[in-house]
1. Do you know which residues across region 32-47 are more than 16 Å from Arg73 (Cα to Cα) and either in contact with a helix residue (DSSP H, G or I) (Cβ under 6 Å, 6 or more places away or on another chain) or of a type in the set (D, E, K, R) (or both)?
2. Just for helices (runs of 4 or more DSSP H) wholly inside the chain: which have at least 3 residues that are modelled with pLDDT of 65 or more and either among the polar types (S, T, N, Q) or surrounded by 10 or more Cβ atoms within 10 Å (Cβ to Cβ) (or both)?
Amino acid sequence: MADIDFGYAVIGLPLRGVDALLDRAPVLPPVPETPLGLSRIYSERVVRIYEQCDRNVTCTAKRLGMHRRTLQRLLGKRAPLPRAVP
């Protein structure tokens, strides 16, 4: 069966990254010594989107597909630092 070229280089993905994901790379990337936990990855994603929405809870909740109150509880556990006042 022939390899199919999906043109990953055209859309900006480096071919070596795709090869590593498909286990075709000559050298696989190293495994981090302390991998991040799922809850940390999730909370960092929530905070990142919260910052992208200029700390607007309603906008963030809509983008994440959750209720505003649920988001407020999550942010209460891992609240980002207050912005510095110029």
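1. Of all residues in region 32-47, those more than 16 Å from Arg73 (Cα to Cα) come to 32-38, 41.
Within region 32-47, just Glu33 meets the criteria.
2. Numbers: elements: 15-21, 38-52, 57-64, 68-77.
Answer list for the chain: 38-52, 57-64, 68-77.
The values are calculated or read from the model by the stated rules, or taken from the named source; none is laboratory data. On a predicted model such as this, the values are computed, not experimentally measured, just so you know. Using ideal geometry, Cβ is built from the backbone for each residue, glycine included, and neighbour counts are taken over all protein chains shown.
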